[in-house]
Structures are given as C-alpha cells and as structure tokens.
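Trainee: Encoded as structure tokens, here's the structure I'll be asking about.
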Amino acid sequence: MKKNNDRKNRLNIVYSTNPDYNYEREYDEEQETPEPSKQNLRVKIDRKNRGGKVVTLITGFVGTEDDLKDLGKFLKAKCGAGGAAKDGEIIIQGDFKQKVLELLQKEGYVKTKPAG
C-alpha cells in the first residue's frame, strides 16, 4: 500500500524534527457560485494568438470550475460550436458574440455586456 505523500502541499518548510509540528498546507478553496443576476460577464471577439481564427471570449465568471464548465457546455451546444471553459473564461470557436449575449441574458445573466 502506498503512503500518502503530501510534501508538495506544505508551505515554508522542508522538514521538522519536532513530532508535534503541524505543517502549513495550501488548500484551494472553491468559491461558491453567485446567482446569475450577480455575475458580471463580458463578451468579446478575440483573434490574438489564435492563428487568425475568430473566437468568442466570455470573461468575468466567478464560481466553481464545474459551474463554469456547465455554462460553457450550454453555450457551445446552443451555438453548435466547439470551445473550452477554464480559468474563469469560456472560449467558443467562431463569431457568436450577439447570440451569446442574448443566450446569457435569457438565462438570467442580466449584467452581461459586450467588452471593448
């Protein structure tokens, strides 16, 4: 049976000879997702670093990674396009800025605005 090794999660110390020493650990706390009407999303068209391809970029999402991926999956399905959802932003392949704005507002994201 393999021993659970948590050395990578320890902060500011490599080793202690004190048997009662408690290591500081870094934990990623998942933040709770606020309701859609409190989200401040921005939708824009982006071409940078994408080989000239156009993508619709939705930024400003606050919440859990699962909720972000669910929203991304919903938008990709409605637009009939591929994309990704990670690091607080959703990327949808193609120019769907107006359609995404309408979809988000219908879903209750009333503070959604076009960026730039």
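Trainee: May I ask you to verify whether residue 67 is under 19 Å from residue 47 (Cβ atoms), among the charged types (D, E, K, R) and touching a residue at least 12 places away in the same chain (Cβ under 8 Å)?
Mentor: No: the conditions fail for residue 67.
Trainee: Taking the stated definitions as given, is residue 77 among the small types (Gly, Ala, Ser), touching a Phe, Trp or Tyr at 6+ places or on another chain (Cβ under 7 Å) and modelled with pLDDT of 90 or more?
Mentor: no
Trainee: Six or more apart or on different chains, Cβ under 7 Å: which pairs go from a residue in region 22-50 that's more than 15 Å from residue 71 (Cα to Cα) and at pLDDT 65 or above to one that's surrounded by 10 or more Cβ atoms within 10 Å (Cβ to Cβ) and among the aliphatic types (A, V, I, L, M)? Could you list them?
Mentor: 31/62; 44/57; 44/115; 45/54; 46/55; 46/57; 47/54
Trainee: Next question. Could you tell me which residue of region 88-112 is nearest to residue 38 (Cα to Cα), considering only residues that are among the polar types (S, T, N, Q) and in contact with a strand residue (DSSP E or B) (Cβ under 8 Å, 6 or more places away or on another chain)?
Mentor: Result: 112.
The values are calculated or read from the model by the stated rules, or taken from the named source; none is laboratory data. Please read all numbers here as calculations on a predicted model, not as lab measurements. Note that we place each Cβ from the backbone using ideal geometry, even for glycine, and neighbour counts take in every protein chain shown.
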